[in-house]
Each structure stands twice: as structure tokens, then as C-alpha cells.
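The values are calculated or read from the model by the stated rules, or taken from the named source; none is laboratory data. Nothing here was measured: the structure is a model prediction, and the numbers come from that model. Cβ placement follows ideal geometry from the backbone for every residue including glycine, while neighbour counts extend to all protein chains displayed.
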Ligand code: FAD
């Protein structure tokens, strides 16, 4: 069977590989000039390995996903750490024992921090919004210092206007663990993400066309040469936005390079700025990649409404609109050429890379089983 796969990010590339290995011919198209989707990395003009679309740190608790990707890359052991610049100091985020003691000039042990948080938190019966979640766990002052300003910059909305799920991603700790993620597997592809994708897509049955927008191809007779479609682009775009556009938050990335440094400029991989500057955070890539170089490259992220769709905005009305598109997608999947919708744009979810790979593997398993099953009478 001949498959057309729209998108060469983790969703599209994983599906392409699985389908090719099962003996199908796969044509992957991406409108960008490169593979790897948002995980794309490359050497900048100074020779430093940078992530064009912001820092990507791989982390997962799934052995299956980790083992799968390990076929295509070795790993550099790396555990991400983030500091937040608050009240003129740089303190660990997620909030932990060090954060509380540094901020308030205290010397609490774990039980002391737990008691402190119990005293300042504002218990809520129902955790409906992100504000409920944050107030319920750390109270108003820490909420305002760490979360309210950051959220307003990141989402252009107040915490109280966002679903609970956004803040529920961020833990609070009473110990000194200052790792941003605690997953069993954490690291960076040893030669970078793009190299991983080159190997993932390197299969005699896979053909790739870059700078190719499926919306143009769709009108084109050439596109008729496929039997089934795997679509990892935005779900609303697939249907010509007939029900209206699904809102996304975008980012403008400001990359900079500093030549001839004696030491790295940031103390850890990323520094967050909840209450100052127009950008939310700054990341220094050599922390992540471990690359040896005389200079250093960093990126600042400025959230905006315009531009590439990065983050689905988690609010009830958007979820309702997505559900309508999802119903159309289900009808599309069931009929005609049987379209498979995969990835974070087609699912309108903020998925991490490992979740996207897991979902793509699962979707392909189901699809291949369906194709292998004898037709029922
Ligand atoms: P994408 O990577 O977006 O790939 C979709 C591809 O489809 C794109 O290349 C696009 O050009 C193409 N496409 C869309 N429409 C069309 C069309 N009509 N025709 C042709 N091509 C089309 N995850 C983590 O696990 N760890 C992190 O640290 C992390 N950091 C992140 C930081 C930022 C700033 C962002 C934005 C995301 C981050 N993520 C992180 C999430 C990660 O980027 C996603 O999980 C992953 O890239 C999703 O893969 P995907 O294939 O679904 O989508």
C-alpha cells in the first residue's frame, strides 16, 4: 500500500518508519525546509548546536519509547535544571526546599517546608482553573512570584482563565531535588535530534519531499498516487477551518551568540523570568548538548499570538471547538481513504515528544493490525 505522511516531526516520522518496515511505500511531505519538526537542531553560523524552535529535552517513563528511539540514537546523559529569577535571586523551579529557604532566609528541613506550605496554601474544594491548582498548593504570594506573571506572558491570559491541567504539570517539592523532570529516562540525542531523524527516516521505502505543503499537493493530481493518508498537521487546517480557527500560542525566538567565553553564561540550562523582561525564559544550549566550543549560543522565548502554532490554548471553549473537529476527523478516518490523525497539532494537545512517539506507535499498531485482518463477510 502507498501512504502519504504529512509532517516529518516525531509523529509523522515514527509512522513513516513503522509503515515502511511493514512493507508499505511511504512518501513524507513537510512544508518546512527540514525534517524533525519542532525538535529540529542544527549548527548555527558559529558552529554551536542549537534548537531552532526552543530547547527540547527528552524525558520519558516509557521503556518502550526509550528503547524504540535508542535504535536511532545514543544518548548523552542530561538532567535539566531551571532557575527562576525572583526578587533579585535565582532559585530552583519547581519550588523546592532550597527555593523556600533562599527566598525567605530560612533554614527549614523537609518537614519544616511541608509545614510552611501547609500554612501558606489556600485550600480549594474544586480545582477548576490553574489558579485554583496553584493557590491550593503554594498560596497567593508564591503564586504571584512564580506563576501569575509567567502565565500571563506565556498564554496572554490570567491563571484563572486557564484549565487546571496547565498548572497541574508543575510539582512542588519539600526536598532538595532540583531536577526539572524526574522521569526514569532523561537525556539528549548524542549527535542531536536531526541526526536521530535522519536515521529514523533512512529506509528504502521512505521518500521525503521538503518545502511541500500538503494543501497544495491535495489539489494536485500527483497526490492521487497514494492509498492512505497519515496527517500530523493542524486539525482545523485539514478541514479548511470551516468551524473557525483553533487558537494557538506562538513564540518568537531570539537567538544570540557570545564569542570567546571563559565559562558558560547561565548557571543552569534555563533561567525563567516570571516578572521581568518580555521573554519568559532563556536557555544556553551547551548546557544541554555538552558541546565544546569557545563561544556560546542562547535563545530567548517571546510568547505571541502570531506565528507558527506551538501551544494549543487549554481553555474550555477551545476544547469544545476541537471536539467538533475531532468528530469530523473520526468520520474522515472511517470513510474513503481512511485518514490517520496523529501528533500534537492533529490532536490539539500539548504533548511531549515521548507522548507523541507512544501515540504514533500505538496508532500504527492498530492500523497495521486492521490492514492485516481478513475482511469480514
Ligand atoms: P511537529 O514537530 O510540530 O511536526 C509537525 C510537522 O508537520 C511540522 O514540521 C510541520 O511543518 C508539518 N506540517 C504541518 N502542516 C503541514 C502541511 N499542510 N503540509 C506539510 N507539512 C505540514 N517536548 C519534550 O518532550 N521536551 C521538551 O523539552 C519540549 N520542549 C518544547 C519546547 C517548545 C518551545 C515547544 C514548542 C515544544 C516543546 N516540546 C517538548 C514538544 C515537542 O516539540 C512536541 O511534542 C513534538 O515536536 C511534536 O511532534 P509532532 O510530530 O506532533 O509535531
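Could you check the stretch 1-10 and list, in sequence order, the residues that are within 14 Å of the ligand (Cβ to nearest atom) and either in contact with a strand residue (DSSP E or B) (Cβ under 8 Å, 6 or more places away or on another chain) or over 18 Å from residue 68 (Cα atoms) (or both)?
Residues satisfying the conditions are 4, 5, 6, 7, 8.
With (1) assigned to a helix (DSSP H, G or I); (2) within 16 Å of the ligand (Cβ to nearest atom); (3) under 21 Å from residue 267 (Cα atoms) as the list, and residue 82 as the residue in question, which single condition is left unmet?
Every listed condition holds for residue 82 apart from (1).
Condition check ((1) more than 7 Å from the ligand (Cβ to nearest atom); (2) buried (at least 19 other Cβ atoms within 10 Å of the Cβ); (3) at pLDDT 95 or above) across all residues:
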| residue | (1), (2), (3) |
| --- | --- |
| 15 | yes, yes, yes |
| 20 | yes, yes, yes |
| 23 | yes, no, yes |
| 29 | no, yes, yes |
| 33 | yes, no, yes |
| 41 | yes, yes, yes |
| 46 | yes, no, yes |
| 49 | yes, yes, yes |
| 60 | yes, yes, yes |
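Going by the conditions given, is residue 205 at pLDDT 95 or above, touching a helix residue (DSSP H, G or I) at 6+ places or on another chain (Cβ under 8 Å) and buried (at least 17 other Cβ atoms within 10 Å of the Cβ)?
The answer is yes for residue 205.
Could you name every one of the helices (runs of 4 or more DSSP H) located completely within the stretch 177-288 that has at least 2 residues being under 19 Å from residue 78 (Cα atoms) and either without any contact (Cβ under 8 Å) to a residue 60 or more places away in the chain or within 22 Å of the chain's Cα centre (by Cα) (or both)?
193-200
Just checking, which of 144, 109, 158 is surrounded by fewer than 18 Cβ atoms within 10 Å (Cβ to Cβ) and farther than 30 Å from residue 250 by Cα?
Result of the check over 144, 109, 158: 109.
For the stretch 121-141, which residues satisfy the criterion of being crowded, with 16+ Cβ neighbours inside 10 Å, part of a helix (DSSP H, G or I) and either under 26 Å from the mean Cα position of the chain (by Cα) or at negative phi (or both)?
Result: 130, 131, 132, 133, 134, 135, 136, 137, 138.
Kindly indicate whether any position in the stretch 224-231 is buried (at least 19 other Cβ atoms within 10 Å of the Cβ) and out of contact with any strand residue (DSSP E or B) (no Cβ under 6 Å at 6 or more places or on another chain).
No, every residue in the stretch 224-231 fails to be buried (at least 19 other Cβ atoms within 10 Å of the Cβ) and out of contact with any strand residue (DSSP E or B) (no Cβ under 6 Å at 6 or more places or on another chain).
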